[in-house]
Amino acid sequence: MNTKTLPHVVIVGAGFGGMEVARKLAKAPMTITLVDKHNYHLFQPLLYQVAIAGLLPSQIAYPLRTIFRKQKNITFQMGEVTEINLESCYIKMDGSVISYDYLVFAVGGQTNFFGNTSVQQNSFELKSIESATTVRNHLLKTFEEASHEADAEKRKALLTFVVVGGGPTGVETAGALAELVTHVLIKDYPNMDLKEVRVLLLEAGKSVMASYPPELQRATNRLLENKRVEILTDTKLVDYNGQTVTLGDGGHIDAHTLIWTAGVKAAEIADRLGVGQAGSGRVRVADNLQIPNHPEVFVIGDAAHLINGNGQPLPMLSTVAIQQGKVTARNIQRIIKGEKPEPFHYKDPGLLATIGRNAAVARIWGLSFSGFIAWLIWVFLHIYRLIGFRNRLLVLINWAWEYFFYENQVRLITKE
Ligand SMILES: Cc1cc2nc3c(=O)[nH]c(=O)nc-3n(C[C@H](O)[C@H](O)[C@H](O)COP(=O)(O)OP(=O)(O)OC[C@H]3O[C@@H](n4cnc5c(N)ncnc54)[C@H](O)[C@@H]3O)c2cc1C
């Protein structure tokens with residue numbers, strides 16, 4: 001193969017979108033360079049399972065060099081992209097320069113604290129393996145501390161866990177956290193009074209799961225309440241200093257743990273493209289995902305801002321990123337053949353969120369499901385979507401173990 005004459009496609013970001021582009025171009029006559037600051041693909045929807053000691057990081061992340069071992073037209077380079085020059089068609093990464101004929105920018109998102117620095121400094125987030133492991137260590141250490149704290153007020157604050165953001169990630173985290181306490185830690189700390197433990201879910205809007213149909217919002221409330229999660233809607237957090245949450249109405253909650261799931265914005269590097277950005281820093285793209293005046297550059301996934309058929313920006317979901325990856329791979333090949341790129345239309349596959357053991361809500365094929373059936377759909381879909389047979393098997397074994405024995409197996413406090 002004479003690679004010199006082949007077009008060079010550079011993909012920045014090996015998340016859901018970037019991986020899909022790379023895989024769909026596997027047989028295309030081109031050279032591909034895939035760049036990521038990590039050497040693995042991370043299945044972010046299961047990060048909360050790492051945080052609640054249910055899964056190991058290696059069960060939800062897979063090495064990129066292994067994934068692409070057999071793909072002949074691709075090279076992986078690990079490194080953080082710090083500069084993109086759209087005029088001269090190159091990117092800079094850890095001192096090296098990589099030029100491209102086509103660029104796919106799939107850098108994903110990061111937590112949005114909306115400029116609240118004290119919340120950013122004092123709260124926990126779920127966005128990376130490191131952040132999820134930090135949450136796990138903190139939760140387990142907090143229980144250790146509470147188990148020998150004689151002062152009732154201090155113990156109460158240690159045992160108050162606040163999750164902010166009533167979207168799917170907040171709901172999943174609050175539900176799983178409540179279960180970790182009521183089913184698992186209760187056995188490890190037989191002398192502790194678990195009635196002192198509070199798990200609160202704070203949501204500034206009128207309802208949790210606002211993007212879900214009303215019947216599933218009601219089901220979510222019911223399922224969370226069954227797990228003794230306290231839901232506070234219409235409740236805005238204004239500050240958190242690591243000890244006390246201050247609410248918009250002047251109220252206070254003493255809590256040593258706050259997990260922030262209330263906002264996502266495009267990854268910082270998107271600001272350096274120097275092109276139009278919408279709210280949350282997402283790059284404004286044309287309907288075929290190209291950026292204006294640069295038909296050789298595509299932005300996809302969480303980093304891209306495109307209005308959906310319903311007049312709203314497309315949600316930051318893996319399903320959007322994957323579908324955009326497919327279309328982008330096709331469009332690059334179309335352009336090379338001299339054809340017009342096709343527009344992107346999102347096909348909504350439905351909604352799905354779990355709320356702990358036996359409990360989930362789902363909207364699929366126009367039907368709403370809640371409880372055990374929705375949970376089974378969730379379990380099998382997530383296992384199916386994990387990369388690698390070994391990971392699927394290990395996760396299935398872990399979940400089956402947890403299911404039958406009420407045990408979260410990764411209850412290890414490790415050095416960070
Ligand atoms: C806790 C959590 C739960 C979620 N649950 C769900 C769910 O249940 N269902 C669902 O559909 N979606 C869920 N999502 C959202 C979903 O994970 C994202 O929408 C999806 O990952 C976006 O894909 P992407 O390809 O745009 O970016 P990502 O998958 O985030 O990938 C971006 C990649 O770019 C790399 N990168 C970033 N900056 C640079 C740089 N400067 N240089 C080099 N590499 C860089 C990153 O390392 C990363 O590998 C969840 C997200 C989180 C955080």
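Applying the selection to the stretch 186-201, what residues are in contact with a Lys or Arg (Cβ under 8 Å, 6 or more places away or on another chain) and either among the aromatic types (Phe, Trp, Tyr) or not in a strand (DSSP E or B) (or both)?
ASP188, GLU196
Got a sec? Which of GLY309, GLY356 is modelled with pLDDT under 95 and more than 29 Å from ALA176 (Cβ to Cβ)?
Result: GLY309 is the single residue among GLY309, GLY356 that is modelled with pLDDT under 95 and more than 29 Å from ALA176 (Cβ to Cβ).
Based on what the data block shows, is GLU339 more than 16 Å from the ligand (Cβ to nearest atom) and touching a strand residue (DSSP E or B) at 6+ places or on another chain (Cβ under 6 Å)?
No; evaluated as a whole, the condition is false for this residue.
If a residue has to be closer than 26 Å to ARG330 by Cβ, surrounded by fewer than 18 Cβ atoms within 10 Å (Cβ to Cβ) and within 13 Å of the ligand (Cβ to nearest atom) to count, how many in the stretch 20-54 make the cut?
Selection size over the stretch 20-54: 1.
Within the stretch 83-110, how many residues are in contact (Cβ under 8 Å) with a residue 24 or more places away in the chain, assigned to a strand (DSSP E or B) and surrounded by 13 or more Cβ atoms within 10 Å (Cβ to Cβ)?
11
Out of the residues in the stretch 287-329 that are of a type outside the set (Val, Ile, Thr) and over 29 Å from PRO168 (Cβ atoms), state the one that is farthest from the ligand (Cβ to nearest atom).
ASN293
Scanning for something in contact with a Gly (Cβ under 8 Å, 6 or more places away or on another chain), touching a residue at least 40 places away in the same chain (Cβ under 8 Å) and near the ligand (Cβ under 9 Å from one of its atoms), does the stretch 55-70 turn up at least one residue?
Looking through the stretch 55-70, none of the residues is in contact with a Gly (Cβ under 8 Å, 6 or more places away or on another chain), touching a residue at least 40 places away in the same chain (Cβ under 8 Å) and near the ligand (Cβ under 9 Å from one of its atoms).
The rows are residues; the columns are (1) at pLDDT below 95; (2) buried (at least 18 other Cβ atoms within 10 Å of the Cβ).
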| site | (1), (2) |
| --- | --- |
| ARG282 | no, yes |
| MET316 | no, yes |
| GLN324 | no, yes |
| GLY338 | no, no |
| ILE364 | yes, no |
| GLY371 | yes, no |
| ILE377 | yes, no |
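Looking at ALA267, ALA255, can you tell me which residue is closer than 22 Å to GLY205 by Cα and out of contact with any Pro (no Cβ under 7 Å at 6 or more places or on another chain)?
Every option except ALA255 fails the conditions.
Which of the residues belonging to the stretch 149-185 are more than 16 Å from the ligand (Cβ to nearest atom), in a strand (DSSP E or B) and closer than 18 Å to LEU46 by Cβ?
Hits for the stretch 149-185: nothing passes.
The values are calculated or read from the model by the stated rules, or taken from the named source; none is laboratory data. Bear in mind that the values here come from a model prediction, so they are computed numbers and not experimental data. Here Cβ is always computed from backbone atoms with ideal geometry, including for glycine, and neighbour counts include all displayed protein chains.
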